[in-house]
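To keep things clear, I will list the structure first and then write my remarks on it.
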Amino acid sequence: MDVRVRFAPSPTGYLHVGGLRTALYNYLFAKKHGGKCILRIEDTDRTRFVDNATENLISNLRWAGIEFDESLENGGEFGPYIQSERFDLYTKYGKELLEKDLAYYAFDTSDELAEMRDRLQKEGGSFKYDRNKMRNSVTMGMDEAKKLIDAGESYVIRMKVPEEGEVKFNDIIRGEVTVPCKDVDDQILLKSDGFPTYHLANVVDDHFMQISHVIRGEEWLPSTPKHVLLYQFFGWDTPDFAHLPLLLNEKKAKLSKRHGDVAVEDFKAKGYLKDAFVNFIALLGWNPTGDREIYTMQEFIDLFDLSKVNKAGAVFDLKKLAWMNQQYLKELNSAEATPLLKAELEKFGVSDLEEDFVAQIFDLFKERVTFINEIPEMTDYLYAEPKEFDEKYMAKRWKEDTAEMVKPLIAKLSELNEFTHDSTHDLTKAYCEEADVKMGQLMHPLRLMLTGKSSGAGMFDTMALIGKEECMKRFETFLAKKESGEL
RNA sequence: GGUCCUAUCGACUAACGGUUAGGUCACCAGCCUUUCACGCUGGCAGUGGGGGUUCGAAUCCCCCUAGGAUCACCA
């Protein structure tokens, strides 16, 4: 059997990280088995329509490196790939169930349904639809129901779940799942606006799109018996199911938008590198070996094994994500990094820097940050003389005799023709030996005068980057301020 | 509350009946060092509890407990 899987999001306006993981696992599974990965937009809820939601979804998926073999924009022989354009199909199959007496009309208002649930709750037990007591074609008879419909009463179509027996299905991740029919609700299949609910549309589409494996989040597990029953009602083969463990927040509850940090584009905006983010997400719920953390997409494809995906939910740990991001940041080559850093610098208000200069800055700071966007502020002294000086640092490192100790070195530095890492280093080292002082006694004052900060890249690299002329100017300014007591 | 799912260090996970229960993040210590980092070395830390099955259980079965999901004319 050909492997055909689908990622079927509803266009809510953003891509949830859990959705990204689902899409990714679908993609990996398809690629691994030489199958097809399909994107189907499930927009049957007209009350939740969001402009540009589909475009947003696709662009975020593409950012993550996930492409689809069949979709709205790429086409395919099983389209349309958006449910609102498949309307007639659902109506047709809803009717078929009605004719087979596997579905029925129901006329209950939302108040009546709420009342029913109140009653059932008081009696204890489940809240499932009480088919034999409500207003529907089972209690009133089909003739009466047709009359109401002709009179313009609004109605829904519900599935008629058998009273006896049980529903069994095999989940690739969880094994056999069994639910007694009496616990399965008479799900609404077609809403009063004529649109199908997820359950009907999903089953019909998966069948006609020849989906072989349904890979989706665990939140769908409780409604899977309904879907299995629908396949049986229609006489169709059931696809294989794989319900992925949930992504959890630090409180171990399902990651939800209310708690923030769940939209892929937010992570993108914060500066996470795509490969790092995808790598991290892929390892939430599965690890091919257990002794490695960094994998390429191709390696993930080669190693992917649905049956080895975890059953328990996974907590989304920002700290490990940050580490992951840094790992990828360190490995970024300058061709990739320079434009990114340049853009960040421009946001910071620094433009017109030489590519080579920007590349050097990246090399010096990539191991000191988690995100590229931290670099501009950290390196502000490279673009203008420092406005302020770290007071604690100054108190600790600038002593009574420091000025006199540093002046001869500055004089020697000013005579240097070449102002490079090596030349400044060699000169300073020689001076230290000659004057019998430790490097540290001079490095800190130099750093303070030049950058105002207590941390940063190596001092000789920093001096070379700032340039001799500017360094001299800063030394002079700083010493003058010291003498005048301004500092 | 009904139903279903789940349970290995604080977190992500490996070990698919036989290991001193391994790796990674975080944390701690040390080394490196002109700062901050990076890096390196080491450390802390786990099979929720109770019964079985077995020569042998983290692994299979049962019960308990705990957590989660779901019970919409949302997906």
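Just to be sure I understand, how many residues within segment A:47-76 are within 15 Å of residue A:209 (Cα to Cα), without any contact (Cβ under 8 Å) to a residue 24 or more places away in the chain and within 16 Å of RNA strand B (Cβ to nearest atom)? Residues meeting the conditions: 0.
Report, by residue number, each residue of segment A:160-208 that is in a loop (DSSP other than H, G, I, E, B), more than 9 Å from RNA strand B (Cβ to nearest atom) and within 29 Å of the chain's Cα centre (by Cα). Selection gives A:172 alone. Given the structure, is residue A:167 β-branched (Val, Ile, Thr) and out of contact with any His (no Cβ under 7 Å at 6 or more places or on another chain)? When the stated conditions are applied, residue A:167 passes them.
Within segment A:445-468, the set of residues being crowded, with 20+ Cβ neighbours inside 10 Å, closer than 15 Å to residue A:478 by Cα and within 8 Å of RNA strand B (Cβ to nearest atom) comprises A:446, A:447.
Filtered by the rule that a residue be in contact (Cβ under 8 Å) with a residue 12 or more places away in the chain and either near RNA strand B (Cβ under 7 Å from one of its atoms) or surrounded by fewer than 23 Cβ atoms within 10 Å (Cβ to Cβ) (or both), segment A:212-224 gives A:212, A:213, A:216, A:217, A:218, A:219, A:220, A:221, A:223, A:224. Which one is surrounded by the fewest Cβ atoms within 10 Å (Cβ to Cβ), of the residues in segment A:90-141 that are within 40 Å of the chain's Cα centre (by Cα) and of a type in the set (Ser, Thr, Tyr)? Among them, the one singled out is A:110.
Just checking, does segment A:343-351 include any residue being under 22 Å from the mean Cα position of the chain (by Cα) and surrounded by 15 or more Cβ atoms within 10 Å (Cβ to Cβ)? There is at least one residue in segment A:343-351 that is under 22 Å from the mean Cα position of the chain (by Cα) and surrounded by 15 or more Cβ atoms within 10 Å (Cβ to Cβ).
One residue is enough: does segment A:401-423 have a residue meeting the conditions within 11 Å of RNA strand B (Cβ to nearest atom), part of a helix (DSSP H, G or I) and crowded, with 18+ Cβ neighbours inside 10 Å? No, every residue in segment A:401-423 fails to be within 11 Å of RNA strand B (Cβ to nearest atom), part of a helix (DSSP H, G or I) and crowded, with 18+ Cβ neighbours inside 10 Å. With respect to the stated conditions, residue A:12 fails to be out of contact with any Leu (no Cβ under 8 Å at 6 or more places or on another chain), under 16 Å from residue A:206 (Cβ atoms) and modelled with pLDDT under 95.
Of all residues in segment A:352-368, those being buried (at least 18 other Cβ atoms within 10 Å of the Cβ) and within 16 Å of RNA strand B (Cβ to nearest atom) number 6.
Residue pairs whose Cβ atoms lie under 8 Å apart, separated by 6 or more positions or on different chains, with the first residue in segment A:417-435 and free of Cβ contacts under 8 Å to residues at least 40 places away in the same chain and the second assigned to a helix (DSSP H, G or I) and basic (Lys, Arg), are A:427/A:412; A:431/A:412. Total residues in segment A:432-441 satisfying the condition of being assigned to a helix (DSSP H, G or I), more than 47 Å from the chain's Cα centre (by Cα) and within 13 Å of RNA strand B (Cβ to nearest atom): the figure is 3. Taken over segment A:259-282, the criterion of being touching a residue at least 12 places away in the same chain (Cβ under 8 Å) and either within 15 Å of RNA strand B (Cβ to nearest atom) or in a loop (DSSP other than H, G, I, E, B) (or both) is satisfied by A:261, A:262, A:271, A:272, A:273, A:276, A:277, A:278, A:279, A:280, A:281, A:282. Out of A:79, A:13, A:18, one residue alone is assigned to a loop (DSSP other than H, G, I, E, B), of a type outside the set (Asp, Glu) and touching a residue at least 12 places away in the same chain (Cβ under 8 Å). It is A:13. Condition (residue is among the basic types (Lys, Arg), within 12 Å of RNA strand B (Cβ to nearest atom) and either touching a residue at least 40 places away in the same chain (Cβ under 8 Å) or surrounded by fewer than 16 Cβ atoms within 10 Å (Cβ to Cβ) (or both)) applied to segment A:142-155: is it met by at least one residue? For segment A:142-155, residues among the basic types (Lys, Arg), within 12 Å of RNA strand B (Cβ to nearest atom) and either touching a residue at least 40 places away in the same chain (Cβ under 8 Å) or surrounded by fewer than 16 Cβ atoms within 10 Å (Cβ to Cβ) (or both): absent. Within segment A:243-257, is even one residue closer than 20 Å to residue A:201 by Cβ and either more than 15 Å from the chain's Cα centre (by Cα) or within 9 Å of RNA strand B (Cβ to nearest atom) (or both)? So far as segment A:243-257 goes, yes, one or more of its residues are closer than 20 Å to residue A:201 by Cβ and either more than 15 Å from the chain's Cα centre (by Cα) or within 9 Å of RNA strand B (Cβ to nearest atom) (or both). Number of residues in segment A:36-46 that are in a loop (DSSP other than H, G, I, E, B), in contact (Cβ under 8 Å) with a residue 60 or more places away in the chain and either among the charged types (D, E, K, R) or away from RNA strand B (no atom under 11 Å from the Cβ) (or both) equals 3. Of the residues that make up segment A:83-94, is at least one out of contact with any Pro (no Cβ under 9 Å at 6 or more places or on another chain), modelled with pLDDT under 95 and of a type outside the set (Asp, Glu)? For segment A:83-94, residues out of contact with any Pro (no Cβ under 9 Å at 6 or more places or on another chain), modelled with pLDDT under 95 and of a type outside the set (Asp, Glu): present.
Conditions tested, residue by residue: (1) within 15 Å of RNA strand B (Cβ to nearest atom); (2) in contact (Cβ under 8 Å) with a residue 60 or more places away in the chain; (3) part of a loop (DSSP other than H, G, I, E, B).
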{"site": "A:295", "(1), (2), (3)": "yes, no, yes"}
{"site": "A:319", "(1), (2), (3)": "yes, no, no"}
{"site": "A:339", "(1), (2), (3)": "no, no, no"}
{"site": "A:347", "(1), (2), (3)": "no, no, no"}
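The values are calculated or read from the model by the stated rules, or taken from the named source; none is laboratory data. Keep in mind it's a predicted model, so treat the numbers as computed, not measured. A quick note on method: Cβ atoms are made from the backbone with ideal geometry, for glycine too, and the neighbour counts reach across all protein chains shown.
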